[in-house]
Amino acid sequence: MLPETTALAAAGIDAGSALEAATARPRRDIRMTQAAEAAVLRPAEAGAWGHDLRAALAARIARLNGEEALAQGYATAAGAHVALADPAARGEGVTAAVLGFMDKVAARTREVAAGDIAALQATGIADPDIVRLCELNAFLAYQIRVIQGLRLLKGLAA
Amino acid sequence: MSRVLRKFTRNVPHWQPRVVPVDLKQATEAQLDALQVTPSNTKVSDYVLVLAHDVESLKVRSPLFNAIMYDRGGMSRAERELGALAASMVNHCIYCAAVHAARHAQLEKSTELTDRLFREGAAAEMSPRDRAIFDFAAALSDCPSTAGPEQVQALREAGITEAEALDLVLSAALFGWANRLMHVLGDPVRPEEPAGN
């Protein structure tokens with residue numbers, strides 16, 4: 001049996017299914033995906049971005065990818081930042097800069113250029129906090145695609 | 001001086017960070033541990049030094065990367081590289097595309113497929129099996145994903161097993177992650193040739 005993981009649960013992979021058997025091979029990646037979620041969403045050293053804001057941004061990125069159930073799961077941990085989980089929310093000041101950057105990296109990755117990083121720096125965001133935003137965004141891109149891919153493979157198994 | 005590359009190449013460029021990398025001399029214990037720096041191993045790339053700003057993510061990411069790309073699984077290493085390359089082409093990550101096109105060519109002992117992909121783009125002619133792999137990985141890399149039952153059916157028709165398809169999901173998804181670090185946090189550059197040579 002696999003430990004409960006966000007990716008398997010969100011993809012609807014049932015215990016005892018053939019696909020669960022395939023994911024339970026002596027490979028480490030599914031379990032490690034869950035460890036990565038903890039490190040990126042709930043790190044001990046969170047820098048400028050607290051766990052609740054990270055959860056709000058994760059929910060927002062899940063929505064940009066059409067993953068409403070995953071978004072709702074993350075939004076429950078978003079606390080006072082929950083409004084930012086709505087992709088229509090724009091925010092002000094540094095928040096607006098962060099939201100604009102996160103949306104672009106998530107959904108229009110190929111268009112990101114040096115000026116996007118310079119713009120964050122110009123609002124006073126420190127380089128380590130820029131890296132933290134990128135890791136959060138990048139992890140979500142991965143986790144969401146694992147979920148969507150596994151869900152499609154259920155069709156292959158059927 | 002160096003110039004920023006805009007076109008895909010298999011000739012791996014230099015990666016120039018857009019943020020200041022961690023200075024090894026001022027690195028914390030946790031950073032040195034995640035970087036696996038020892039007195040006999042002090043060579044760390046700028047890319048990894050940039051990621052060391054977020055040490056907890058770096059620490060989980062490297063073993064996950066190695067498990068997905070190199071652990072013994074269903075799909076061949078060359079085909080996982082093709083999945084990685086498809087994602088990198090969708091996200092226009094010149095650096096990742098170069099590294100993984102070069103690995104594909106090395107594993108296949110042929111530059112034919114990657115030459116054609118870089119010359120003609122995603123529509124380049126390829127075997128039905130490579131086509132199914134590339135199209136699935138590329139569609140899954142869109143935001144939102146455009147992968148659907150038709151791409152899965154193409155995998156099935158190309159004879160790709162469930163275990164292989166799982167490896168493909170993981171390798172394509174992993175480059176959704178890698179591309180958003182490499183392409184966002186730095187520029188792929190090539191030093192300028194000295195004039196007059």
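The values are calculated or read from the model by the stated rules, or taken from the named source; none is laboratory data. Values in this document were obtained by computation on a predicted structure and should not be read as measured data. Glycine gets a Cβ as well: all are built from the backbone with ideal geometry, and neighbour counts include every protein chain shown.
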Query raised in the report: Of the numbered conditions (1) at pLDDT 95 or above; (2) assigned to a helix (DSSP H, G or I), B:THR146 satisfies every one except a single condition; which is it?
Result: (2)
**Report entry** Residues located in the stretch B:100-134, provided they are surrounded by fewer than 21 Cβ atoms within 10 Å (Cβ to Cβ), of a type in the set (A, V, I, L, M) and touching a residue at least 24 places away in the same chain (Cβ under 8 Å)
**Finding:** B:ALA102, B:ALA105, B:LEU107, B:ALA122
Query raised in the report: Looking at the stretch B:97-108, is at least one residue farther than 20 Å from B:GLY176 by Cβ, away from chain A (no Cβ under 14 Å) and in a loop (DSSP other than H, G, I, E, B)?
Result: no
Query raised in the report: How many residues does the stretch A:28-82 hold that are more than 13 Å from the chain's Cα centre (by Cα), among the charged types (D, E, K, R) and surrounded by 22 or more Cβ atoms within 10 Å (Cβ to Cβ)?
Result: 1
Report summary line: Within the stretch B:43-64, of all residues that are without any contact (Cβ under 8 Å) to a residue 24 or more places away in the chain and either of a type in the set (Phe, Trp, Tyr) or in contact with a helix residue (DSSP H, G or I) (Cβ under 7 Å, 6 or more places away or on another chain) (or both), the one farthest from A:ASN137 (Cα to Cα) is B:VAL44
Report task. Please tell me if B:LEU181 is among the hydrophobic types (A, V, I, L, M, F, W, C), free of Cβ contacts under 8 Å to residues at least 24 places away in the same chain and facing another protein chain (nearest Cβ under 9 Å). Result -> no
Report summary line: Going through the stretch A:83-97 in order, the residues found to be surrounded by 13 or more Cβ atoms within 10 Å (Cβ to Cβ) and under 21 Å from B:PRO144 (Cβ atoms) are A:LEU84, A:ALA85, A:ASP86, A:PRO87, A:ALA89
**Report entry** Sole residue being within 22 Å of A:GLU20 (Cβ to Cβ) and either acidic (Asp, Glu) or at the interface with chain A (Cβ under 9 Å from one of its Cβ atoms) (or both), chosen from B:GLU162, B:GLU112, B:GLU125
**Finding:** B:GLU162
**Report entry** Within the stretch B:14-33, considering residues that are aliphatic (A, V, I, L, M) and within 11 Å of chain A (Cβ to nearest Cβ), the one nearest to A:GLN121 (Cα to Cα)
**Finding:** B:VAL19
**Report entry** Matching entry among B:ALA172, B:ALA195 (being of a type in the set (A, V, I, L, M, F, W, C) and at pLDDT 95 or above)
**Finding:** B:ALA172
Query - Residue that is surrounded by the fewest Cβ atoms within 10 Å (Cβ to Cβ), among those in the stretch A:132-151 that are among the basic types (Lys, Arg) and within 7 Å of chain B (Cβ to nearest Cβ) - result: A:ARG132
Report summary line: Over the stretch B:49-74, the set of residues surrounded by 18 or more Cβ atoms within 10 Å (Cβ to Cβ), more than 7 Å from chain A (Cβ to nearest Cβ), at pLDDT below 90 and part of a loop (DSSP other than H, G, I, E, B) is B:GLY74
Query raised in the report: Do we find that B:ALA132 is more than 29 Å from A:LEU136 (Cα to Cα), within 13 Å of chain A (Cβ to nearest Cβ) and in contact with a helix residue (DSSP H, G or I) (Cβ under 7 Å, 6 or more places away or on another chain) in this structure?
Result: yes
